[in-house]
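Read-outs: derived from the displayed coordinates by stated rules, not from any lab. None of these values were measured; they are calculated from a predicted model.
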């Protein structure tokens, strides 16, 4: 059985090795017995279809690149929202999830329109970047996610943000992060998030299996589990 992964703007939005998330998800889905096809779409494409797609991914990039992709993706907003409402699993990492809100206030005071799927906004500045390691807690499930954040802005309006930042090592002045709607998750963590957070990777694979009508097979990924546990323990034991 085939699974289609729609990879949005891989040439513009994969600044921190975010493409590792696609490779990790592909491997896990192949281990479930699926044949995986990766469909890449970018700003030179005149059409982006969310039909017959089983997973959507978008990573992080330079703020200028993110702004370009926000404008381009806005053309396909209605079909994206339909896919979200239909329950297609999606993951937006790093600053790509900024575009899911109402918009971003740039350092020069101009406002970059977002897709308006959520009500949050971000405000950016040039003086310094906000960087550091974080632990985010999903208050609905109690799950904790670990990783690194590197962004130019912080939430100006944090409405719809659902995770609590329970530990921050760095200069990130945020207490709330991440959005969810059906099977879409937007989260500030950058890089191969699914490696450091095997539970999240497993949840996405389970969702794909359920939607495809196949039974999920329990498979161990000890290196990923060990990486998460080691990072989480190190962060919790570090004073900040």
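Structure notes:
- Expressed per residue, the C-alpha convex hull volume of the range 109-240 stands at 121 Å³.
- Rg then Dmax, both in Å and based on the Cα atoms of the range 75-126: 12.3, 39.
- In summary, the range 2-236 shows an alpha-carbon radius of gyration equal to 0.96 times the 2.2 N^0.38 Å reference for compact globular proteins.
- Computed [θ] at 222 nm, deg cm²/dmol, the chain (DSSP H ≥ 4; -39,500 (n - 2.57); rounded to nearest 500): -8500 deg cm²/dmol
- The range 2-236 - percent relative contact order, Cα under 8 Å, separation 6 or more: 19 percent
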